[in-house]
Each structure stands twice: as structure tokens, then as C-alpha cells.
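So the structure is just underneath, and the comments pick up after that.
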Amino acid sequence: MIRFDSVSKRFPNGTTAVDDLSVEFSEGGITVLVGSSGCGKTTTLRMINRLVDPTAGTITLGGRDVRDLPAARLRRGIGYVIQQAGLFPHRTVLDNIATVPTLLGWGRRKARARAAELLEVVGLPADAGKRYPNQLSGGQQQRVGVARALAADPPVLLMDEPFGAVDPVVRALLQDELIRLQAELRKTIVFVTHDIDEAVRLGDQIAIFRTGGHMVQCAPPAELLARPADDFVAGFLGSERGLKLLSLVTLAGVPYEPVGSVRSTATVKEARDAAAGRWLLVVSPDGGPAGWLDTGALEGLPGTSAVAGLALAPARGLRDSDSLLSALNETVSSPAGVAVRVDAAGVVTGVTGQDVLHARQRSLT
Ligand SMILES: Nc1ncnc2c1ncn2[C@@H]1O[C@H](COP(=O)(O)OP(=O)(O)OP(=O)(O)O)[C@@H](O)[C@H]1O
Ligand SMILES: [Mg+2]
């Protein structure tokens, strides 16, 4: 969709902001650009909508050289969201969102109707439309920025640290919203961030830049985490790279083994007979895990008394769609040291231990 061929940007003062960049940003996907300050991320974005022109190389959009399109027309097909939203302070929220449709000559009524529709799309209350940007929170302003960029329904969105100025909680919410929107809209998005966790969460692919405008690696998050091209990339991904990779991979196909268990309606004798070690899994009437029973607690109890009512340590059932990280978390938090697996209906199928999770992780790298 967006293709850079040997693109460089050298500013008149001699700074090389982008150096010989060749990369493709896939259609309908989110490409995240990350890297330290001044490594050329914003310049890369601005060359796509021609706010900056390259000094060498070619950029094509849907197969057409961006230089062959009049800049104004090109920009109509490209939404642009910047940090702190960049809203017009003296215009109402609705008029801010309607900016591009108005420029396109939609007529005031149609433009405002579209703006009102977008308020809802980005999760803002209808009454926010009449307010001015400074009467909204930072997170709400970011939403307005996204709505404004979406107004003319452009196929491409450029987002330059759009969530950089909000606190981590609001940031996570805005990320959720973007994931939800993108599942519907399937825009081609180029997203800049300093936050590697945000990149891993949002990106279909991540491009890592280093100072001097040099792209070091561009790959889907799991591949990047599993096989960083060099020490710079590994350093950028941080010391929890292994855990981040585990968070991206699901339990589908990871083997489990049978587990000794009793129903919560069982007697103490039945529990003693089923016990193979210290911890015994107790299963609810619906087939899901009720918890781990410390079989030490059975000592001295009459065989005919009921298991129900004895204290259980919590056990969470993990589905195939859960991540390896949540399974690993379960192995360290459960007293039995294993993760309980359940099928799609939530019925216990077996358990998986750390050695198996570790083997799966190794097979990815
Ligand atoms: N108009 C300009 N004239 C001269 N140098 C510029 C100009 N714009 C940017 N630069 C330089 O180009 C380099 C890349 O800038 P750019 O804004 O693309 O970096 P960035 O990766 O977006 O950084 P940040 O993470 O801080 O936003 C920097 O060294 C910057 O100082
Ligand atoms: Mg920048």
C-alpha cells in the first residue's frame, strides 16, 4: 500500500533525518515506527503526506508516486493525528471534526452530521460536540483528533504519538478503542510511538529506527521479539522481551497432560484415592476448575465426610486462546505449579507445566 524505495531526507543544515529507507507498510494493517528521539520517525510520516519532500528515492501510495498527485488531493486521502491532538482552540469540537469535509465542500449540514456520527464512533458523548477543545480532558481531545482524521473516511491514517500526552490508564483505553475501530475500518495506519509496549500491542508490524534515520528491522511483533536483528533492537525491546513474546503467543497446540481430580461432590475417601501428590484438583459440577485441595487437610477426617466446604486454593482454567504468559503466571501462582487447561466450554481437559511452556517458547526463537 505505502512503499518507500531508497528514500532519504537530508535537511539543508546537513542533518540526515532519514537514510536510504526501503520498506512497505501493508494495506489495512498497523505499522508502528519506534526508536529514540530524533531518529526520523516524524520525518518519515511527513514524507507520506508531503509535508516534507524526500531528497532521494520514491514513495508510492497504492502504486502511485506521491509526487504525481497534487498535495491537497493526496492529503484528502490521508488522515493525520498528532500529539496533543492539535485541535483548533477557537472552534467547537463538532467544527473541528468537520474540518476536512467542510474543506471538501460537503456543505455545512452534511459535514456536521458526519461529525456527530464520528463523535459516537470514537466514544464521546453527543454533548461534547458543542464544547471547545479546552473544555475536554486530554484523552477526550485525543479522541476528537482521531475523529477529525477519520472524517473524510481516508484509507490511510498517519498517527504521530497520538497517545503520548495522556496517562497510562487513558492510554490503554485509547489503544483498546483504536484496536476496536481498526477491526471495523481496516485503515492502513502508520503509527509513531516511543512506547514499545504500545507498539507490541497495536502493531501488525514494527519498524525500529536508530539515530541517523536508519531503519534496523521491520517485522511482526512476535518475530521481532523472538529474533531481534541485533543488540540495538534487543536493547530497545527491553529486558522483558521473553515475557512480551509469551504474551503474544496463545496456548493453541500446546500439549497438556491428564490431571488427577475429584468432583466437588466427592467424599474424603474418594479424594484420598484420587490424590497423587500434595495438591488435588477439585472440579465443579459444570466441569470447570473449583480449586486446588491440599490433601494434607484430609488427614484425620472421616472417609465418608464431604470434600465440599474444605478450603481450596484458586485455580483458573486457561483456554487455547489464552496467552502463554497467562499460563506461566498460573504456574507460578497456583500451589500445584501447573496451569489448568479447559476446552471452549470451560471443562477441564488437563494441566500444562512450566517445562512445556518453556519448550514452546524455545520453539519460537
Ligand atoms: N526542518 C528541519 N530542519 C533541520 N533538521 C530537522 C528538521 N526537522 C527535523 N530535523 C532533524 O531531523 C532529525 C529527525 O527528526 P524527526 O522529527 O523526524 O525525529 P523523530 O524520530 O520524530 O523524533 P521524536 O521522537 O523526538 O519526535 C532530527 O535530528 C531533527 O532535529
Ligand atoms: Mg517525532
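Would you mind counting up the charge near residue 277? Only other residues with Cβ under 14 Å from its Cβ, with Lys and Arg at +1 and Asp and Glu at -1.
Summing Lys/Arg as +1 and Asp/Glu as -1 gives -1.
Which lysines have a Cα less than 18 Å from the Cα of residue 244, not counting those fewer than 8 places away in the same chain?
In chain and number order, there are no partners.
Less than 12 Å Cβ to Cβ from residue 185, Lys/Arg counted +1 and Asp/Glu -1: what total charge do the surrounding residues give?
Within the 12 Å Cβ shell, the charges total 0.
Just to be sure I understand the curve: with the Debye formula and one point per C-alpha of the chain, what is log10 I(q)/I(0) at q = 0.07, 0.08, 0.14 Å⁻¹?
Result of the Debye calculation: -0.45, -0.56, -1.10.
For the pair residue 222 and residue 76, what calculated FRET efficiency results from E = 1/(1 + (r/R0)^6), where r is the Cβ-Cβ distance and R0 = 35 Å, to the nearest 0.05?
On the way: r = 35 Å, r/R0 = 1.01.
Efficiency for this residue pair is about 0.50.
With the full set of protein chains in place, find how many percent of the accessible area of the stretch 173-325 is carbon and sulfur; take the probe as 1.4 Å. Please list the in-between numbers first.
Details: 3840 of 7330 Å².
The nonpolar share, carbon plus sulfur, comes to 52 percent.
Leaving ligands, DNA and RNA out of it, report the carbon-plus-sulfur percent of the accessible area of the stretch 60-128 at a 1.4 Å probe. Intermediate values should be presented prior to the final figure.
On the way: 2050 of 3840 Å².
Here it works out to 53 percent.
Considering amide H positions built from the backbone, and no H for Pro or chain starts, which residues 5 or more places from residue 192, or on another chain, come under 5 Å of its amide H?
Placed amide hydrogens put 33, 159, 160, 161 under 5 Å from residue 192.
If you filter the stretch 178-223 for trypsin sites (Lys or Arg not before Pro), then keep DSSP loop positions with at most 15 other Cβ within 10 Å, what is left? Can you show the working numbers first?
Working: sites: 180, 186, 187, 201, 210; in loops: 186, 187.
Sites meeting the loop and neighbour criteria: 186.
Please report the spacing between the Cα centers of the stretch 30-91 and the stretch 169-238 in Å, no decimals.
The stretch 30-91 and the stretch 169-238 have Cα centres spaced 18 Å from each other.
Hey, can you grab everything whose amide H is under 5 Å from the amide H of residue 78? Only 5+ residues off in sequence or another chain; H modelled, so Pro and N-termini drop out.
none
For an R0 of 35 angstrom, estimate the FRET efficiency from the Cβ-Cβ distance between residue 270 and residue 345 and round to the nearest 0.05.
On the way: r = 24 Å, r/R0 = 0.69.
Computed FRET efficiency for residue 270 and residue 345: 0.90.
Of 360, 227, 50, which has the most accessible area and how do the rest follow, probe 1.4 Å?
Numbers: 360 75, 227 120, 50 55 Å².
The most accessible residue leads, giving 227, 360, 50.
Using a 1.4 Å probe, how large is the accessible area of residue 358, given in Å² and rounded to the nearest 10?
110
Leaving out ligands and nucleic acids, and using a 1.4 Å probe, what accessible area per residue does the chain come to in Å²? Let's see the in-between values first.
On the way: 16980 Å² over 365 residues.
On a per-residue basis, the chain sits at 47 Å².
Straight-line reach only, C-alpha to C-alpha below 16 angstrom: list the aspartates and glutamates that residue 269 could link to, leaving out same-chain residues fewer than 8 apart.
Within the straight-line limit of under 16 Å, residue 269 reaches these aspartates and glutamates: 294, 299.
Non-local amide H neighbours of residue 22 (under 5 Å, H modeled in plane, Pro and chain starts lacking H): which ones?
For residue 22, the qualifying residues are 6, 7.
Quick one: order 256, 80, 132 from most to least accessible surface, probe 1.4 Å.
Values: 256 120, 80 60, 132 95 Å².
Ranked from most to least accessible, the order is 256, 132, 80.
Roughly what would the spin-label model give for residue 311 and residue 194, points 7 Å off Cα along C-beta, in nm?
4.8
Under a straight-distance cross-link criterion of Cα-Cα below 18 Å, which lysines are reachable from residue 130, leaving out those fewer than 8 residues away in the same chain?
110
At 0.36 nm per residue, minus the direct Cα-Cα distance, what do residue 121 and residue 240 gain on full extension? Give it in nm, one decimal, please. Write out the running numbers ahead of the final one.
Working: separation 119, 0.36 × 119 = 42.84 nm, distance 3.48 nm.
Roughly 39.4 nm would be gained on extension.
In whole Hz and in residue order, list the ³J(HN,Hα) couplings for the stretch 300-313 that follow from phi through the Karplus curve 6.51 cos²θ - 1.76 cosθ + 1.60, θ = phi - 60°; x for Gly and Pro.
Once rounded to whole Hz, the list reads x, 7, x, x, 8, 6, 8, 6, 3, x, 6, 5, 10, 7.
In the stretch 225-308, which trypsin sites (Lys or Arg not before Pro) are in a loop and have at most 16 other Cβ atoms within 10 Å, using DSSP for the loop call?
On the way: sites: 241, 244, 263, 269, 272, 278; in loops: 278.
Those that pass, being in a loop and sparsely packed, are 278.
Starting from the Cα-Cα distance between residue 320 and residue 355, subtract it from 0.36 nm times their residue separation and give me the gain in nm to one decimal. It would help to have the intermediate numbers written out before the result.
Details: separation 35, 0.36 × 35 = 12.60 nm, distance 1.75 nm.
Value of the extension gain: 10.8 nm.
The values are calculated or read from the model by the stated rules, or taken from the named source; none is laboratory data. All of these numbers come straight from a predicted model, not from anything done at the bench. With ideal geometry, Cβ positions are generated from the backbone for all residues, glycine too; neighbour counts draw on all protein chains shown. Accessible surface is based on the protein model in full, side chains and every heavy atom, while ligands, DNA and RNA are left aside. Shrake-Rupley method; radii C 1.70, N 1.55, O 1.52, S 1.80 Å.
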